[in-house]
Amino acid sequence: MPKPHLQCQYHILPHKNGCLELQLSGDWVIGNNLPSMNDVQTQLDQDPATTHIKISSTELGMWDSRLVSFILILTKSLNDKKIAFDISGLPSGTKSLLKLATAVPERTGVRKTRQQKSFLEILGSGAINTISETKAILSFIGEIWLSFFRFIQGKARFRYQDFWLVIQECGPNALPIVTLISLLIGLILAFIGAIQLQLFGADIYVANLVAIGMTREMGAMMTAIIMAGRTGAAFAAKLGTMQVNEEINALNTMGIAALDFLVLPRILALVLMMPLLTIYSNIIGILGGMWVAVTMLDISLIEYYLQTKQSITLVDCATGIIKSLVFGLLIAGIGCMSGLKCGRSSAAVGEATTTAVVRSIVSIVVADSIFTILFQSLGI
Amino acid sequence: MTTEAHIIVNDLTMAYGDFIIQQGLNFTVNKEDIFILMGASGCGKSTLLRHLVGLKSPAKGSVFYQDIDFWRASEQEKSLIMRRNGILYQSGALWSAMTLAENIALPLGEYTNLGKAEIQELASLKLALVGLSGFENYYPSEISGGMQKRAGLARAIALDPEILFFDEPSAGLDPISAKLLDDLILELRDSLGATLVIVTHELASIFAIGNNSVFLDPESKTMIASGDPKLLLKECDDSRVRQFLTRGKNK
């Protein structure tokens, strides 16, 4: 059992010639309640003639950095009042720690003050950030185009091995989760439709609902959201880690453009894979709807198949595929850009990944609504 | 030995935004120098290196490679200069998705028209030069930190560069590995005839290999000494330089 600490306190003994003696007693350790410094202050107020204070520690028990910090703060406030402070009575260990703490004077201008920013300031800096952010995005888009033209001319350098790896990663490896989600989306659409359509006895139109819902909207959209969380985040994390590890610098100083070498194969791979995944997702979603229709609504497989075939046109499929191309571009571009702009710390990689996912999903939904309005007004 | 200038730094100011790191830097790196950038931690040595190798553009002033002003040169000239530089990064910075042999083969494949087999042979040679033969098919994560540095060196010398830059080569190495790396650097200099620019604050290395240097001071934000470190130790009057070079013994 450790001994309980003795209460720590100090007594102030007034001496002649404007001298005060500060007598420390008890254990001045972390975990013990330290006396307040106010007593010294009160004593000084009563005795304005005090010119110096000396400290004695004959009664002092244990001590640790609590004592040192107490003395340090007291020294500062006494210095401000121009009262001499004699610490020769302290244990020698305390004195050397104090000497160490005061050896290097505080550098002027290094202390950071946390200021409460005014509303206008926040608004202003927000606006400035938005402008520079927009510039960065625009220049990134420009650079990707340049890189793409270099690729067409056969000048862009990347390893096809990398390209196939990314294809593998964002194509076949994504199939299981795309299957699961698309099947469930198909089921959900069919359920919602079935309940409403049964009211009118128009059960068979579940097939139309699912087919059009999947091909025009949900197939591309859900695949994009899955890929944003899966592949976009992976791109950001991979490039971010390479940035932290100076691998991107190593590429640049070797005269190999990181954009050609790392970004271009990723964008190409995802833009190629997204339409394929979307078509796959459409088929699986329709199968999910068929499952509900056959088991719950007494519609036969053939009926459902024929109704589906009748309800969708090639244009419906094409709108979904066009969307998916754009989504793929957005996800890969945003993922790679977040990774390349990553700071040089492990926390920055996490931030880059989060930014990539959030921005991709927001831009997917925004792009999708633009498309929907556009197609609507064009009558497609 | 020739004393032809290789890199000339002219009134260079380095800054991150408004925050000035160093200003008024003027020095010349001669051909076949082993040039040391030294100074206390945080004085901007690594930042200076980033300016020299073309990763960060200066706030003011210029960096000349022989008679070409690097930061005002065309993209083509820039990449030509950068191609002749080899850089060993502090952490090695090997491309983690590639094996050691692939790491070295990449620049060779980019800049030469050698066949696959020849590139393989050259990669093996470079690895053998740094004492890593047999490790061709290892990934960077499978070898130790000291080996990663040596592999990084092998990649830096892949294209037989004219100038080799080292960012704290011995940081994080034990004294024996550090000594071996120093010896290796010296041997490579002698056999390749390259100019070496080294960022370090390892005193043993500074005196063992350096024959020219600049000393950056974080307080006054400029260089306060330059020349052969051994001569600086003997002759320099500035107390900050003396303290640094004697580990604070001569106050």
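Among the helices (runs of 4 or more DSSP H) confined to the range A:149-249, the ones with at least 3 residues that are β-branched (Val, Ile, Thr), closer than 26 Å to residue A:368 by Cα and more than 14 Å from chain B (Cβ to nearest Cβ) are located at A:175-199, A:206-212, A:219-227.
Answer yes or no as to whether residue B:217 is in contact (Cβ under 8 Å) with a residue 24 or more places away in the chain, on the phi > 0 side of the Ramachandran plot and over 13 Å from the mean Cα position of the chain (by Cα).
On the way: in contact (Cβ under 8 Å) with a residue 24 or more places away in the chain: yes; on the phi > 0 side of the Ramachandran plot: no; over 13 Å from the mean Cα position of the chain (by Cα): yes.
Spelling it out, it is not the case that residue B:217 is in contact (Cβ under 8 Å) with a residue 24 or more places away in the chain, on the phi > 0 side of the Ramachandran plot and over 13 Å from the mean Cα position of the chain (by Cα).
Please specify each residue of the range B:186-221 satisfying the condition of being under 30 Å from residue B:24 (Cα atoms) and assigned to a helix (DSSP H, G or I). Listed by number, the residues that qualify are B:189, B:203, B:204, B:205, B:206, B:207, B:208, B:209.
Looking at the range B:164-172, is at least one residue surrounded by 14 or more Cβ atoms within 10 Å (Cβ to Cβ), within 12 Å of chain A (Cβ to nearest Cβ), among the acidic types (Asp, Glu) and in a helix (DSSP H, G or I)? No, the conditions are met nowhere in the range B:164-172. Do you know which of the residues in the range A:4-53 that are assigned to a helix (DSSP H, G or I) and more than 50 Å from the chain's Cα centre (by Cα) is farthest from residue A:67 (Cα to Cα)? Once the filter is applied, the top-ranked residue is A:46.
Quick check on residue B:230: is it outside any helix (DSSP H, G or I) and either surrounded by fewer than 17 Cβ atoms within 10 Å (Cβ to Cβ) or over 14 Å from the mean Cα position of the chain (by Cα) (or both)? Considered against the rule, which asks whether it is outside any helix (DSSP H, G or I) and either surrounded by fewer than 17 Cβ atoms within 10 Å (Cβ to Cβ) or over 14 Å from the mean Cα position of the chain (by Cα) (or both), residue B:230 comes out as no.
When every residue of the range A:318-335 is checked against the conditions, none turns out to be in a helix (DSSP H, G or I) and within 14 Å of chain B (Cβ to nearest Cβ).
Here residue A:343 meets the list (1) surrounded by fewer than 23 Cβ atoms within 10 Å (Cβ to Cβ); (2) assigned to a helix (DSSP H, G or I) almost entirely, failing just condition (2). Condition check: closer than 13 Å to residue A:243 by Cβ, assigned to a helix (DSSP H, G or I) and not small (Gly, Ala, Ser). Does residue A:357 satisfy that? No: the conditions fail for residue A:357.
Kindly indicate whether any position in the range B:113-136 is in contact (Cβ under 8 Å) with a residue 12 or more places away in the chain, surrounded by fewer than 23 Cβ atoms within 10 Å (Cβ to Cβ), within 11 Å of another protein chain (Cβ to nearest Cβ) and in a helix (DSSP H, G or I). Checking the range B:113-136: not a single residue is in contact (Cβ under 8 Å) with a residue 12 or more places away in the chain, surrounded by fewer than 23 Cβ atoms within 10 Å (Cβ to Cβ), within 11 Å of another protein chain (Cβ to nearest Cβ) and in a helix (DSSP H, G or I). For residue A:242, are the conditions met, namely being modelled with pLDDT under 95 and under 19 Å from the mean Cα position of the chain (by Cα)? When the stated conditions are applied, residue A:242 passes them. Is it the case that residue A:57 is assigned to a helix (DSSP H, G or I), among the small types (Gly, Ala, Ser) and surrounded by 11 or more Cβ atoms within 10 Å (Cβ to Cβ)? In short, no. Does any residue of the range A:69-85 turn out to be over 21 Å from residue A:38 (Cβ atoms) and part of a loop (DSSP other than H, G, I, E, B)? No - not one qualifying residue is present in the range A:69-85. Among the residues of the range A:161-178, just one is surrounded by fewer than 16 Cβ atoms within 10 Å (Cβ to Cβ) and touching a residue at least 60 places away in the same chain (Cβ under 8 Å), namely A:175.
Conditions tested, residue by residue: (1) closer than 12 Å to residue A:71 by Cβ; (2) free of Cβ contacts under 8 Å to residues at least 40 places away in the same chain; (3) loosely packed, with under 10 Cβ neighbours inside 10 Å; (4) not hydrophobic (A, V, I, L, M, F, W, C).
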site	(1), (2), (3), (4)
A:97	yes, yes, no, no
A:104	no, yes, yes, no
A:116	no, yes, yes, yes
A:138	no, yes, no, no
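Name every residue in the range B:137-153 that is within 14 Å of chain A (Cβ to nearest Cβ) and over 25 Å from residue B:183 (Cβ atoms), in order of residue number.
Within the range B:137-153, B:139, B:141 meet the criteria.
Only a single item in (1) closer than 26 Å to residue A:69 by Cα; (2) in contact with a helix residue (DSSP H, G or I) (Cβ under 7 Å, 6 or more places away or on another chain) is not met by residue A:171, and it is number (1). Screening A:254, A:296, A:273 for residues that are away from every other protein chain (no Cβ under 14 Å), crowded, with 22+ Cβ neighbours inside 10 Å and either under 30 Å from residue B:70 (Cβ atoms) or in contact (Cβ under 8 Å) with a residue 24 or more places away in the chain (or both) leaves exactly one candidate, A:273. A search for C-beta distances below 8 Å between a residue of the range A:181-197 that is closer than 12 Å to residue A:291 by Cβ and any residue that is charged (D, E, K, R), counting only pairs 6+ apart in sequence or on different chains, returns A:194/A:203.
The values are calculated or read from the model by the stated rules, or taken from the named source; none is laboratory data. Nothing here was measured: the structure is a model prediction, and the numbers come from that model. Note: ideal-geometry Cβ built from the backbone for every residue, glycine included; neighbour counts use all protein chains shown.
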